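Below: one structure, written as structure tokens.
Each reported figure results from applying straightforward, stated rules to the coordinates on display, with no laboratory input. Everything numeric in this text was worked out from a predicted model, so none of it was measured. FYI the Cβ positions are ideal-geometry reconstructions off the backbone, even for glycines, and counts take in every protein chain you see.
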Amino acid sequence: MTQDLPTPDYAYNMKLLGYSDQGGRPDGVQIMVNKGHAIVGHMFSDGFSVIDCTDPRAPKPVAYVPAPPNTWNIHLQSHEDLLLVINAKNMFASEEFQNEEEYYKGKLGKKVGTADASRKRDWTAGMAVYDISNPAEPKKIGFMDVEGGGVHRIWYVGGRWAYASVLLDGFTDYIFVTIDMADPTNPKEAGRYWLPGMNAAAGEELGEDQARAGLHHAIVHGDTAYGAWRDGGLVIMDVKDRTNPELIVHRNWSPPFGGGTHNALPLPNRDLLVVADEAVLDNCADGIKHIWLFDIREPSNPVSISTVPIPDDADYVNKGAHFGPHNIHENRPDSMVSDQLIFATQQNAGVRVYDISNEYQPKEVAAFVPPQPAKLMDKRPNRVNVIQSCDIWVSKEGLCYISDYNAGLYILEYGG
């Protein structure tokens, strides 16, 4: 039986192969694909789901793992037979963040109550480890507890070390933590790095007018971690000693630009760094956000050399909700690895592919904009029912798996 596929609002050089509402839970954040199965962390349905995509034209939901009470599992990482899942306070279900501006502005630790450790937590905080030798049946085998708000996002591509952004008691926001995975059933924190001023428990202070300086996550290549520090910009760290990460360089372009630095992807064969600033407020209230290309031939002096084109095929600024970058495909070793093509989600402008073979003049070469979601999954007040294309994972064959806050799983084929 042929599946009826949604009709995109706009598309070129991308073909829709398959679609899934993820078992009636169409909200998704981070997506991994392992042994032909898409594993999706939910934003509003809590927990995570597994969708069998061995036939990408007929994806089938096969598992749903609920989150603990008041906890979200929005981000996850898979490699071979391991799945790492974040556990943190469910921010968007909390009263203090029903106006989402409160989540993206100011000192998160103070709002959550972890900066001074004055509030007892009613959520689970840490990192869970699952055996996914059979990805359709995840089996929990380990957990690393943390004291505080929890883990936000992880980088793990196998081996002994994982890397995470963690909101710990005593800190103003998420900091960088290295995790020893030598025994996957008993992962342990190994080292920390934070920007000066973030350790409130030690008497450090950030200025009252300081924007939100907190690590979204870091991508690690070799002994270097490339950290996206939200309104704190880019933080590159030396992690040769995993127990004692050290700063190489800190660069921040907010202000004048609007902050929200979200991904920092190294392209080591070209000495380039792709840095995406997330659009976090409706109707571009935080300004037009960019995906930047940096020249990092001299690691201690990264220089911005270009930005990718801004989608202009519709009036996305006034479409509603967020317009601008969220995630980029991060060249994981089990996926497509390219230093010529950048795959990105642009939220209400869908998915875009950029040719950066000329790093000084990136070009858009493909796009796919899904239609309006069948229903609004976002439970917060005053949200609008538009797509918010969130994350993208690209296979070695060029199949693109797309998550969305509201619209379900799209499987696309890049035709370039």
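General remarks:
- Distance from the alpha carbon centroid of the stretch 51-83 to that of the stretch 199-241 works out to 29 angstrom.
- Qualifying lysines (Cα of each under 27 Å from Cα of residue 240; at least 8 residues distant if same chain): 188
- Residue among 180, 404, 277 with the largest mean-square fluctuation in a Gaussian network model of the chain, springs linking Cα atoms under 10 Å: 180
- Annotation note: trypsin sites (Lys or Arg not before Pro) in the stretch 290-386 located in DSSP loop regions with a Cβ neighbour count of at most 15 within 10 Å are 297, 375, 379.
- Here the gap between residue 372 and residue 13, fully extended at 0.36 nm per residue and compared with their Cα-Cα distance, gives a gain of 127.2 nm.
- Stretchable slack from residue 120 to residue 249, in nm (0.36 nm times residue separation minus alpha-carbon distance): 42.8 nm
- For the pair residue 379 and residue 283 in one chain, pulling the backbone fully straight at 0.36 nm per residue adds 32.7 nm over the alpha carbon distance.
- Only Cα sites of the chain enter the Debye sum here, all with the same form factor; the resulting log10 I(q)/I(0) across q = 0.08, 0.10, 0.14 1/Å is -0.38, -0.61, -1.33, listed in q order.
- In the stretch 1-153, lysine pairs closer than 19 Å at Cα, eight or more apart or cross-chain: 11
- Counting only lysines at least 8 places from residue 363 when in the same chain, those with an alpha carbon closer than 18 Å to its own are 289.
- Residue 269 versus residue 60: modelled label distance in nm, points set 7 Å from Cα along the beta carbon direction: 3.8
- Estimated inter-spin distance, residue 81 and residue 240, nm [label 7 Å along Cα→Cβ]: 3.5
- Neighbour cut-off at most 15 other Cβ (10 Å), DSSP loop, GluC sites (Glu not before Pro), the stretch 1-107: 80
- Neighbour cut-off at most 14 other Cβ (10 Å), DSSP loop, GluC sites (Glu not before Pro), the stretch 182-285: 205, 208
- A Förster distance of 30 Å, applied to the separation of the beta-carbon atoms of residue 101 and residue 201, puts the FRET efficiency at 0.65.
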